[in-house]
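These notes are about the structure you will find just below.
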Amino acid sequence: MSSNESQDINTKQIAADILCEFLEVAFHLILYIREVYPAGIFERRKKYNVPVQMSCHPEVNQYILDVLQSIKPLIEKDELIQIVLAVTDKDHKPVERFVFEVAPIPEPSLRNDNYLLRLEQSLRSFLLKLNVCDAMLDQNPQDSSFSILVYTKGSGFVDLEDRQFVQNFPWMEADKKSYTVPDSKLVPLKTLSSDLIKMQLYVEESTNKTTGAK
């Protein structure tokens, strides 16, 4: 293996690590802001110099961590298309979907951002946008929950099926009802374009939510 190839592999690993670290914080923040769980199970922290709320619930935290550990190899191989946090009602029907759409970068590079300062600033902007997205969305139903869906290229799905990247964490193909938001509207939130990560975030929100007191 040449030194250039080694550098490419390392750069892809760096990109995957940064993206998964960001997604973990973003998922926790969404669960807090959208009141999927009571505020009491969250604690205030800082990430990218932005105040965020992180869950203290072991099962929620482990589920998110297992998902991200499973998809990291797919990110490194440019096989991840989207990762979606879907908020569901008490009947497990999605009422809104936070869609993180990831574009492949054939040759990721740190050349123009050696210390990742610009990338960190961009990720900070994502978190700031998430912090205020509640004003752009309708209240969710009572007793809401969530699930995470992963969209991959065909080869990526085969990898998830055939290889358990995380022990005792099997994946299954979702049926259409579990990931489709009927009568939805699109709410764009943020885009990021760098030499390491290209991503856009938007929300698909149902226009027919049945809300109730939390």
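The values are calculated or read from the model by the stated rules, or taken from the named source; none is laboratory data. Note that this is a predicted model, so its numbers are computed, not measured. Here the Cβ is made from the backbone with ideal geometry for all residues, glycine too, and neighbour counts use every protein chain on show. All accessible areas refer to the heavy atoms of the entire protein, side chains included, with ligands and DNA or RNA removed. Shrake-Rupley method; radii C 1.70, N 1.55, O 1.52, S 1.80 Å.
Number of residues in segment 79-103 that are touching a residue at least 40 places away in the same chain (Cβ under 8 Å) and part of a loop (DSSP other than H, G, I, E, B) equals 5.
Of the residues making up segment 17-68, those that are over 16 Å from the mean Cα position of the chain (by Cα) and among the hydroxyl-bearing types (S, T, Y) number 2.
Being part of a loop (DSSP other than H, G, I, E, B) and charged (D, E, K, R), is that true of even one residue in segment 19-28? Checked against the condition, which is being part of a loop (DSSP other than H, G, I, E, B) and charged (D, E, K, R), segment 19-28 yields no hits at all. Scanning segment 176-194 for residues that are open to solvent by 70 Å² or more (accessible area, probe 1.4 Å) and at pLDDT 90 or above returns K185, L186, P188, K190, T191, S193.
Do we have F42 as in contact with a His (Cβ under 9 Å, 6 or more places away or on another chain) and open to solvent by less than 40 Å² (accessible area, probe 1.4 Å) here? When the stated conditions are applied, F42 passes them.
Listed by first and then second residue, the pairs linking a residue in segment 181-200 that is more than 16 Å from A103 (Cα to Cα) to a residue that is charged (D, E, K, R) and open to solvent by 70 Å² or more (accessible area, probe 1.4 Å), with Cβ atoms under 9 Å apart and 6 or more places separating them unless they lie on different chains, are V181/K93; P182/K93. Annotation: of all residues in segment 55-83 being of a type in the set (V, I, T) and closer than 16 Å to L123 by Cβ, the one that is surrounded by the most Cβ atoms within 10 Å (Cβ to Cβ) is I83.
Looking at this structure, is K129 over 27 Å from D183 (Cβ atoms), out of contact with any Pro (no Cβ under 8 Å at 6 or more places or on another chain) and not hydrophobic (A, V, I, L, M, F, W, C)? No, not satisfied.
Counting only residues that are in a loop (DSSP other than H, G, I, E, B), modelled with pLDDT under 60 and surrounded by 15 or more Cβ atoms within 10 Å (Cβ to Cβ), segment 120-165 holds 1 of them.
Candidates are the residues of segment 105-119 that are touching a residue at least 40 places away in the same chain (Cβ under 8 Å) and in a helix (DSSP H, G or I); the one that is nearest to F22 (Cα to Cα) is L119. When V52 is tested against (1) assigned to a strand (DSSP E or B); (2) farther than 22 Å from P182 by Cβ; (3) open to solvent by 30 Å² or more (accessible area, probe 1.4 Å), only condition (3) is not met.
Scanning segment 111-119 turns up one or more residues that are buried (at least 16 other Cβ atoms within 10 Å of the Cβ) and at pLDDT 90 or above. Among residues of segment 41-61 that are under 12 Å from N131 (Cβ atoms), those with a beta-carbon under 8 Å from a residue that is of a type in the set (S, T, Y) and buried (at least 18 other Cβ atoms within 10 Å of the Cβ) at least six positions away or on a different chain give the pairs Q53/Y32. Test V25 against the criterion of being surrounded by 15 or more Cβ atoms within 10 Å (Cβ to Cβ) and either at pLDDT below 95 or in contact with a Cys (Cβ under 6 Å, 6 or more places away or on another chain) (or both), and give yes or no. Against the criterion (surrounded by 15 or more Cβ atoms within 10 Å (Cβ to Cβ) and either at pLDDT below 95 or in contact with a Cys (Cβ under 6 Å, 6 or more places away or on another chain) (or both)), V25 does not qualify.
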